[in-house]
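K.L.:
This is the structure I have questions about; it appears just below.
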Amino acid sequence: MITIDCARALQQAGLRWRPVSGDSFRIERPGFDSEVFTVSEMTIEAHEFDTGTILGFNGTTEWALDSLALEDALWLPREDQLRSLLRGTFRSLHRQGEGRYRVTVHVDAVDEVFDAATAEDAYGTAVLMLIGRSGASMTAQA
């Protein structure tokens with residue numbers, strides 16, 4: 001799983017999230033530090049309104065949270081989602097030994113490598129570079 005620091009850096013850099021079933025996220029409020037939630041039609045649904053996206057919690061009688069503004073959620077993208085954000089720049093993912101991964105992307109006729117402790121963080125760092133180079137936000141497509 002992607003680290004919180006990498007996910008937060010992606011969000012702050014401009015990565016936009018359109019929630020779909022199976023996506024994981026954290027609630028960015030005090031008291032939810034260690035909890036990870038998953039979007040599911042049965043329990044947590046994304047509702048689109050003119051004012052923005054709200055995550056609705058269905059059947060959560062054990063605690064008092066009916067809905068959450070998307071701005072209060074931190075998306076924890078999966079490896080496949082991050083790889084798809086790299087689009088045609090992605091070249092390879094290699095395990096570099098125990099607990100290290102390397103992602104190679106090809107941008108502006110140059111191969112660039114990104115090493116991290118998880119594949120998700122290596123992909124995430126590469127996506128951060130692409131966002132920084134483009135100067136624009138990215139939106140994950142389902």
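The values are calculated or read from the model by the stated rules, or taken from the named source; none is laboratory data. Keep in mind it's a predicted model, so treat the numbers as computed, not measured. No Cβ is skipped: glycine too gets one built from the backbone with ideal geometry, and neighbour counts run over all protein chains shown.
K.L.:
Collect the residues in the stretch 65-88 that are touching a residue at least 12 places away in the same chain (Cβ under 8 Å) and of a type in the set (D, E, K, R), keeping them in residue-number order.
P.N.:
Glu71, Asp72, Arg78, Glu79, Arg83
K.L.:
Do we have Asp72 as closer than 18 Å to Phe25 by Cα, out of contact with any helix residue (DSSP H, G or I) (no Cβ under 8 Å at 6 or more places or on another chain) and among the charged types (D, E, K, R) here? Let's see the steps before the verdict.
P.N.:
Numbers: closer than 18 Å to Phe25 by Cα: yes; out of contact with any helix residue (DSSP H, G or I) (no Cβ under 8 Å at 6 or more places or on another chain): yes; among the charged types (D, E, K, R): yes.
Judged against the criteria, Asp72 is a match.
K.L.:
Another question, then. Kindly provide the set of residues from the stretch 79-119 that are in a loop (DSSP other than H, G, I, E, B) and either surrounded by 16 or more Cβ atoms within 10 Å (Cβ to Cβ) or small (Gly, Ala, Ser) (or both), ordered by number. First the steps, then the outcome.
P.N.:
Within the stretch 79-119, the subset in a loop (DSSP other than H, G, I, E, B) is 86, 96-100, 108-109, 117-118.
Scanning the stretch 79-119 gives Leu86, Gly97, Gly99, Ala109, Ala117, Thr118.
K.L.:
I would also like to ask the following. Filter the stretch 17-44 down to the residues that are surrounded by 12 or more Cβ atoms within 10 Å (Cβ to Cβ) and farther than 17 Å from Asp80 by Cβ and list them by number.
P.N.:
Within the stretch 17-44, Arg26, Ile27, Glu28, Phe32, Val36, Phe37, Ser40, Thr43, Ile44 meet the criteria.
K.L.:
Would you pick out the residues in the stretch 80-94 that are under 13 Å from Asp121 (Cα atoms) and at pLDDT below 95?
P.N.:
Across the stretch 80-94, there are no qualifying residues.
K.L.:
Looking only at the stretch 105-128, which residues are within 21 Å of Leu76 (Cα to Cα) and touching an Asp or Glu at 6+ places or on another chain (Cβ under 7 Å)?
P.N.:
The initial filter retains those residues of the stretch 105-128 that are within 21 Å of Leu76 (Cα to Cα), namely 114-128.
If the condition is that a residue be within 21 Å of Leu76 (Cα to Cα) and touching an Asp or Glu at 6+ places or on another chain (Cβ under 7 Å), then Ala119, Glu120, Ala122, Tyr123 are the ones that fit.
K.L.:
Of all residues in the stretch 48-70, which are of a type in the set (Asp, Glu) and modelled with pLDDT under 75?
P.N.:
Of the residues in the stretch 48-70, the ones of a type in the set (Asp, Glu) are 48, 50, 62, 66.
Once the filter is applied, which keeps residues that are of a type in the set (Asp, Glu) and modelled with pLDDT under 75, the stretch 48-70 yields Glu62, Asp66.
K.L.:
Looking only at the stretch 120-142, count every residue that is in a strand (DSSP E or B) and of a type in the set (Ser, Thr, Tyr) and tell me the total.
P.N.:
Taking the stretch 120-142 and keeping what is in a strand (DSSP E or B), we get 138-139.
Subsequent filtering for residues that are of a type in the set (Ser, Thr, Tyr) retains 139.
Residues in the stretch 120-142 being in a strand (DSSP E or B) and of a type in the set (Ser, Thr, Tyr): 1 in total.
K.L.:
Now, a different point. Confirm whether Gly97 is in the same structural domain as Phe114 (by TED's automatic domain parsing), modelled with pLDDT of 80 or more and farther than 16 Å from Ala119 by Cα. Before the answer, list the steps.
P.N.:
Values: in the same structural domain as Phe114 (by TED's automatic domain parsing): yes; modelled with pLDDT of 80 or more: yes; farther than 16 Å from Ala119 by Cα: no.
No; evaluated as a whole, the condition is false for this residue.
K.L.:
Quickly run through the stretch 1-22 and pick out the residues that are touching a helix residue (DSSP H, G or I) at 6+ places or on another chain (Cβ under 9 Å) and closer than 22 Å to Ala116 by Cα.
P.N.:
Met1, Ile2, Thr3, Asp5, Cys6, Ala7, Ala9, Leu10, Ala13, Gly14, Leu15
K.L.:
Taking Ala73, is it buried (at least 18 other Cβ atoms within 10 Å of the Cβ), modelled with pLDDT of 95 or more and more than 16 Å from Met138 (Cβ to Cβ)?
P.N.:
Details: buried (at least 18 other Cβ atoms within 10 Å of the Cβ): yes; modelled with pLDDT of 95 or more: no; more than 16 Å from Met138 (Cβ to Cβ): yes.
Taking the combined requirement at face value, the residue does not satisfy it.
K.L.:
Considering only residues that are more than 14 Å from Gln81 (Cα to Cα) and either crowded, with 16+ Cβ neighbours inside 10 Å or within 15 Å of the chain's Cα centre (by Cα) (or both), which ones fall in the stretch 120-139?
P.N.:
So the first thing to find is which residues in the stretch 120-139 are more than 14 Å from Gln81 (Cα to Cα), and the list is 129-137.
Once the filter is applied, which keeps residues that are more than 14 Å from Gln81 (Cα to Cα) and either crowded, with 16+ Cβ neighbours inside 10 Å or within 15 Å of the chain's Cα centre (by Cα) (or both), the stretch 120-139 yields Met129, Leu130, Ile131, Ser137.
K.L.:
Next question. Which one of Arg91, Arg100 is closer than 17 Å to Ile2 by Cα and in contact (Cβ under 8 Å) with a residue 12 or more places away in the chain?
P.N.:
Details: Arg91 fails: closer than 17 Å to Ile2 by Cα.
None of the others qualify; the one that does is Arg100.
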